[in-house]
Number of protein chains: 2
Amino acid sequence: MPVINPNLLVIEPREMVKMGAEILITNAYIIYKKEELREEALKKGVHSLLKWDKPLMTDSGSYQLYEYGDLEISNSDIIDFQMRVGSDIITPLDIPTPPFVSRRKALKDLEATLERMEEAKRLFSASAEAAAEGGCESSGEVGGGSESGGRGSREGGAKGEASALLAGVVQGSTYLDLREESAKRLAAMQFDIYAIGGVVPLLELYEFGRIMDIIATAKMNLPLNAPVHLFGAGHPMFFSFAVALGCDLFDSAAYAIYAKDKRYLTSEGTLYAEDLNYLPCSCPVCASHSAKEVRESVELLAAHNLYVAFEEMRVVKQSIVEGTLWELCERRARSHPSLMDALRRLTKYVDFIERLDPVTKHPFFYLSETCASRPEVRRFAGMLERFKLRGKVLLTTFPLNEGEAARRMEQEGYEHVLVVKPPFGAFPIELAETYPVGQSEIPNEIDEHAKEVALEHVLRLMRLNRDAKFFVECDERWANMKKMEEVKKIASEFVLRGDDEECEEG
Amino acid sequence: MPVINPNLLVIEPREMVKMGAEILITNAYIIYKKEELREEALKKGVHSLLKWDKPLMTDSGSYQLYEYGDLEISNSDIIDFQMRVGSDIITPLDIPTPPFVSRRKALKDLEATLERMEEAKRLFSASAEAAAEGGCESSGEVGGGSESGGRGSREGGAKGEASALLAGVVQGSTYLDLREESAKRLAAMQFDIYAIGGVVPLLELYEFGRIMDIIATAKMNLPLNAPVHLFGAGHPMFFSFAVALGCDLFDSAAYAIYAKDKRYLTSEGTLYAEDLNYLPCSCPVCASHSAKEVRESVELLAAHNLYVAFEEMRVVKQSIVEGTLWELCERRARSHPSLMDALRRLTKYVDFIERLDPVTKHPFFYLSETCASRPEVRRFAGMLERFKLRGKVLLTTFPLNEGEAARRMEQEGYEHVLVVKPPFGAFPIELAETYPVGQSEIPNEIDEHAKEVALEHVLRLMRLNRDAKFFVECDERWANMKKMEEVKKIASEFVLRGDDEECEEG
């Protein structure tokens, strides 16, 4: 959702449709404060004010509350105003608590925010009842000064304001238990949309790891079937991570703010426009202007920045279709060390992700140590418990095909042949073609960590099948690993073998 | 250089200028074989044939030789033809040896290729002399059947064919010693441009690690001031790696070939067009068409593919301006496990890169274990030898600012204060603001490998300064590292300290 400042349209909303916009967000408090905007919004609706006939979310002015400490309007009044001007998604006036404040302040702010959320729910229900009683027209009671109803000019309009959606805002500063409390209590109130607030200062500090904790804590305690909005996250470099933890909506004032500062956004970071010798982008702005032209124009920079944000959203969506969102996060993590922290933090929530992750998808790509903690690896480890092994078992670190395995089973009398593949562990040759082991690509030179994780799983399998006799064969590099000592202790036989294939020459 | 098939223009050369093309490559053999093309090229020049007035390189048909085993033309004839039609960069008819052939075959092919290169040099010199003798017009001798001179219609034309550049082609299959031999002997012959041939089958096999070895071996034995072309490397996912090892020119038939196969290129891999639900790109094609339209059109796919290739070239160029090419490779490496091999291979040539790498640049980003092998780290380690330490030396793993360091030097009587920062090692507090230690960003949770590399450098520093008395203080995680045992042995005092900052609460 591009953020529209009704006082200053850097890009006209109708232009944004061409760029990919399907929904906008604007600030109800800014409209309310300026008489001419307020009057027009009350008279013709906020959609008409912005010349926009698609969905529109309104914010409540809580950011202004955060910046200036005081507002000229109450929670109930700003909610009422949002309803009267025909907003599609209404935000109560939450209290955005900064990060790293005292626990006492965070708790006090949170209680106040939750009271306001309850008030919002009451007002909203009352409005819905009144609308139901009053039929199609909004009632004089709730819609008070509304002249003709804000949504009158829209498709499906005049349904009464209560057909809008209400957002509940999660607060709690950097205290994860307060974030949890906040999410649970909002979930009990049943909002249409949940928004995570108070993260902008953390985004500005590049505290991406902490933001991941906050998102995960909220998401794990909110209804899984409701959209989650991450308030103020407008830089495309973070979209993939937030989506990986379950965020669905973003708003971006970044396109305009960065442009004003002469900064050029990319999905992999921010460049100073003055440093641009080449335009690392093919968007319509960059394809039809020189680097010099883009460097010097706030309008061109804003348009480019918005194109890039929409492009990244499509990149994320396409990666979900393909089942490659983790791979996308791996790539984006290499844009900044702080995003590496975000990636690492993703692995902390892998059990939560694993429960919801599709069972099969695009081939598994091993791209770094963090991939050893991916949900697919976790799930594969869980499958181990279902393997029942008995008799002579061959465990090999050499890649065997099914034919070779069958031959050895017959000639050497094995009941089972298991092949070790990092980072998964040992898989029975019968599963060689199945996801994930059969559809996984690993580098020729894989890191030690992946092999250690594989050996951990091997050890677990051996311990779960005490009756089986394990014959282990491996090459020298595997043999030198610490964990292999433990494997040796359990194995009935251990053979160190050269890599035949490598020795031959064509 | 987009590859133009003169028989089949998927995109008109003049359209390519808008997309960013500044130079094209076409196949002289294909033109030669088809009478109508040959006649027109001889009469009006190859630029006129393709309606292209910018630089143009011609290939010799060696790919066809590779594919079909035999050609209807000799090396001297195809060189003569390229000169007569006014090519700007001329390629002799080398013999592209496939990978993994026997050494005997690779050597035999290489000798034949080198003979042809020598022949090309002779023909080229003779032509230059003849042109010099004949003045501005090309001589009847060499330019034989040339009617009016191929370059007559061009800016700066009629200078005689010898003003073109001659490319020497490096072969040697997957034998690095033969690649070295090949590069050395070509370098002695002094070509204008050097091209690395025979890598297409490796690109198709995703054998990126091996290609890195081949490029590095060639580059280290070629003149550093001559451009190097990587023949047949047209997929944008590999550009950054090839450039990191010193390639300057690429040719791409990929844009058209992949489009014909209904494949959609990105800088991070290849997608099947039929899998596109969203277009992860903002190029003029993707910005103005639906995913469905793009999926179904070879022309749109080809145009998109070419836009992406040019975009990636600009991304690479801009990263060179910024000094962030390594970071770009880190990101691209996460597109495929085989590119991880390429990245790892880059670290094998870090001494070569270090010699040519700028001394200061963009802040150093630690993005993965491979970053511990970056040239900046290698160079920093080399600087160690210049530190002369004596008296009491504090070595700490806690980040100190200069004020704190000064206070401790005074109060605790240290001659030097050194701070350990992974992956660099220990730096004297006086260098806290200098590149690279002072301009480096590392994740909050950095991997063990970076810390091990840092400790190796610390140990080296301690051993180089046997007279100094080292007082080491570190936190628990550092203390638990294996290498810290060795540090302890040398240290006069070793203090395990809690992280004070972490214990305080706001």
Failed criterion for B:Leu400 (all others in (1) more than 14 Å from chain A (Cβ to nearest Cβ); (2) assigned to a loop (DSSP other than H, G, I, E, B); (3) under 32 Å from the mean Cα position of the chain (by Cα) hold): (3)
Of all the residues that make up the stretch B:342-353, how many are within 11 Å of chain A (Cβ to nearest Cβ) and part of a loop (DSSP other than H, G, I, E, B)? 0
Counted residues, the stretch A:325-341 - those being more than 9 Å from chain B (Cβ to nearest Cβ) and either of a type in the set (Lys, Arg) or farther than 15 Å from A:Ser267 by Cα (or both): 1
Whether any residue in the stretch B:41-53 is among the basic types (Lys, Arg), in a helix (DSSP H, G or I) and touching a Phe, Trp or Tyr at 6+ places or on another chain (Cβ under 8 Å) is what I want to check. no
Which numbered condition B:Met383 misses (of (1) in contact with a helix residue (DSSP H, G or I) (Cβ under 8 Å, 6 or more places away or on another chain); (2) within 30 Å of B:Asn221 (Cβ to Cβ)): (1)
Candidate set: the stretch B:423-435, residues that are outside any helix (DSSP H, G or I) and open to solvent by 10 Å² or more (accessible area, probe 1.4 Å); chosen: the one farthest from the other protein chains (Cβ to nearest Cβ): B:Pro428
From the list B:His457, B:His449, which residue is modelled with pLDDT under 95, within 26 Å of B:Val359 (Cα to Cα) and in a helix (DSSP H, G or I)? B:His449
In the list A:Ser48, A:Ser60, which residue meets the criterion of being farther than 29 Å from A:Lys262 by Cα and crowded, with 18+ Cβ neighbours inside 10 Å? A:Ser48
I need a count of the residues in the stretch A:207-221 that are under 17 Å from A:Asp192 (Cα atoms) and either out of contact with any helix residue (DSSP H, G or I) (no Cβ under 6 Å at 6 or more places or on another chain) or open to solvent by 10 Å² or more (accessible area, probe 1.4 Å) (or both). 3
Of a type in the set (Asp, Glu), under 15 Å from A:Leu384 (Cβ atoms) and touching a residue at least 24 places away in the same chain (Cβ under 8 Å), is that true of A:Glu473? no
Here are some residues: B:Val315, B:Val308, B:Val321. Which one is at pLDDT below 95, within 24 Å of the chain's Cα centre (by Cα) and among the β-branched types (Val, Ile, Thr)? B:Val321
Extreme residue, most open to solvent (accessible area, probe 1.4 Å), among residues of the stretch B:364-397 that are aromatic (Phe, Trp, Tyr) and more than 14 Å from chain A (Cβ to nearest Cβ): B:Phe387
Hits in the stretch A:293-305 (condition: open to solvent by 30 Å² or more (accessible area, probe 1.4 Å) and either at the interface with chain B (Cβ under 7 Å from one of its Cβ atoms) or in contact with a Leu (Cβ under 8 Å, 6 or more places away or on another chain) (or both)): A:Glu293, A:Arg295
May I ask you to list pairs of residues, at least six apart or on different chains, whose Cβ atoms are under 8 Å apart, with the first in the stretch A:263-285 being free of Cβ contacts under 8 Å to residues at least 12 places away in the same chain and the second being among the basic types (Lys, Arg)? A:Leu271/A:Arg263; A:Tyr272/A:Lys262; A:Tyr272/A:Arg263
Please state which one of B:Val308, B:Val321 is open to solvent by 40 Å² or more (accessible area, probe 1.4 Å) and of a type in the set (A, V, I, L, M, F, W, C). B:Val321
When you go through B:Ala450, B:Ala491 one by one, which is the residue that is open to solvent by less than 40 Å² (accessible area, probe 1.4 Å) and under 18 Å from B:Phe387 (Cα atoms)? B:Ala491
Go through the residues of the stretch A:116-123 one by one and say whether even a single one is modelled with pLDDT of 95 or more and part of a loop (DSSP other than H, G, I, E, B). no
Collect the residues in the stretch B:54-94 that are charged (D, E, K, R) and not in a helix (DSSP H, G or I), keeping them in residue-number order. B:Lys54, B:Asp59, B:Asp70, B:Glu72, B:Asp88, B:Asp94
Out of the residues in the stretch B:164-199 that are among the polar types (S, T, N, Q) and in a loop (DSSP other than H, G, I, E, B), state the one that is surrounded by the most Cβ atoms within 10 Å (Cβ to Cβ). B:Gln171
Can you name the condition, by its number, that B:Leu9 falls short on among (1) surrounded by fewer than 16 Cβ atoms within 10 Å (Cβ to Cβ); (2) touching a Ser or Thr at 6+ places or on another chain (Cβ under 9 Å)? (2)
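The values are calculated or read from the model by the stated rules, or taken from the named source; none is laboratory data. Please read these numbers as outputs of a predicted model, since none were measured by experiment. Positions of Cβ are backbone-derived with ideal geometry, glycine not excepted, and every protein chain shown enters the neighbour counts. Heavy atoms of the whole protein, side chains included, go into the accessibility calculation; ligands, DNA and RNA do not. Shrake-Rupley method; radii C 1.70, N 1.55, O 1.52, S 1.80 Å.
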